[in-house]
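Below: one structure, written as structure tokens.
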Amino acid sequence: MTTLPLTLLRRAFLPLALLGSAHAATLDLKVGQTGKLGDATITLLRTQDSRCPMNARCIQAGDLITSVLVREGSRVRLLRLKLSDTTAQSSGLHISGATANMAGQRLPLTVTFSDGR
């Protein structure tokens, strides 16, 4: 049985370990705000939040749906993104989180977008 030197093993596995530590870029926006995410400029136009408040009992969990304007160079797209939509993650931009709401409170909602990288 042949054993590999420790330095050779480190060289082989270090790039793999670095790949696992890469994080997706994120951007927090409120309705009407615009920000940069990678090469894209994102504007949060509208939110529809029917999620169950944290301190309430609900029959359904509800949804968070956003309308966003995405500008990349000369290309402009209007997207409708849903918080739990895993199919959108393969195309890049998706909602990775949002502030929780409480029953009886109407606080401005902050939505976190991710580039999926």
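Results, tabulated for the structure shown:
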read-out	value
Of residues in the stretch 9-51 being modelled with pLDDT of 85 or more and basic (K, R), the one farthest from R106 (Cα to Cα)	K36
Among residues of the stretch 51-72, those that are touching a Leu at 6+ places or on another chain (Cβ under 9 Å), surrounded by 15 or more Cβ atoms within 10 Å (Cβ to Cβ) and part of a loop (DSSP other than H, G, I, E, B), counted	1
Count of the stretch 101-117 residues which are surrounded by fewer than 17 Cβ atoms within 10 Å (Cβ to Cβ) and at pLDDT 80 or above	3
Tally of residues being surrounded by 11 or more Cβ atoms within 10 Å (Cβ to Cβ), modelled with pLDDT of 75 or more and closer than 18 Å to L27 by Cβ across the stretch 73-100	14
L69 at pLDDT below 85 and not charged (D, E, K, R)	no
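The values are calculated or read from the model by the stated rules, or taken from the named source; none is laboratory data. In this text, all values refer to a predicted model and were calculated from it rather than measured experimentally. Methodologically, a virtual Cβ is constructed for each residue, glycine included, from the backbone with ideal geometry; neighbour enumeration extends over all protein chains shown.
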